[in-house]
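Quick notes on the structure that follows.
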């Protein structure tokens with residue numbers, strides 16, 4: 001572990017996703033995670049959702065956003081979220097009903113499944129250990 005006495009205090013503030021539709025993508029993740037929209041974000045160019053703890057998720061207007069073509073390399077992914085779940089039976093239908101798309105099942109890797117959100121960002125539902 002790094003010597004914390006010799007480095008400045010830095011902590012994760014917010015995870016930000018670019019999207020052509022901040023309101024829509026915020027609603028998707030708020031519904032998926034059971035989080036709330038931040039009522040202070042009123043510009044429409046930036047929307048934040050918050051859960052019970054940890055860093056919030058924010059969605060920033062990017063009109064020219066190009067969705068990754070994962071797993072193809074045409075437009076490679078820049079990041080993805082791993083979301084921990086107890087089972088697929090309840091969480092997968094919930095994610096799909098909100099607009100997620102299943103792009104890779106768990107046949108080759110039973111511990112996780114890969115989806116894309118409505119803006120094309122990949123995310124995984126990972127079974128809890």
*Filter region 44-61 down to the residues that are part of a loop (DSSP other than H, G, I, E, B) and in contact with a helix residue (DSSP H, G or I) (Cβ under 9 Å, 6 or more places away or on another chain), then identify the one that is farthest from residue 23 (Cα to Cα).*
51
*Could you please find all residues in region 90-100 being more than 12 Å from residue 114 (Cα to Cα) and crowded, with 16+ Cβ neighbours inside 10 Å?*
91, 99
_Return the residues of region 83-113 that are in a strand (DSSP E or B) and either modelled with pLDDT under 90 or more than 26 Å from residue 38 (Cβ to Cβ) (or both); say none if nothing qualifies._
101, 102, 103, 104, 112, 113
*Among 64, 82, 87, 108, which is exposed (fewer than 11 other Cβ atoms within 10 Å of the Cβ), touching a strand residue (DSSP E or B) at 6+ places or on another chain (Cβ under 8 Å) and more than 28 Å from residue 11 (Cα to Cα)?*
87
*When the residues of region 4-18 are filtered to those that are over 18 Å from residue 50 (Cα atoms) and either in contact with a helix residue (DSSP H, G or I) (Cβ under 6 Å, 6 or more places away or on another chain) or assigned to a loop (DSSP other than H, G, I, E, B) (or both), which remaining residue is modelled with the highest pLDDT?*
7
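The values are calculated or read from the model by the stated rules, or taken from the named source; none is laboratory data. On a predicted model such as this, the values are computed, not experimentally measured, just so you know. Every residue, glycine as well, gets a Cβ built from its backbone with ideal geometry; the counts of neighbours run over all protein chains shown.
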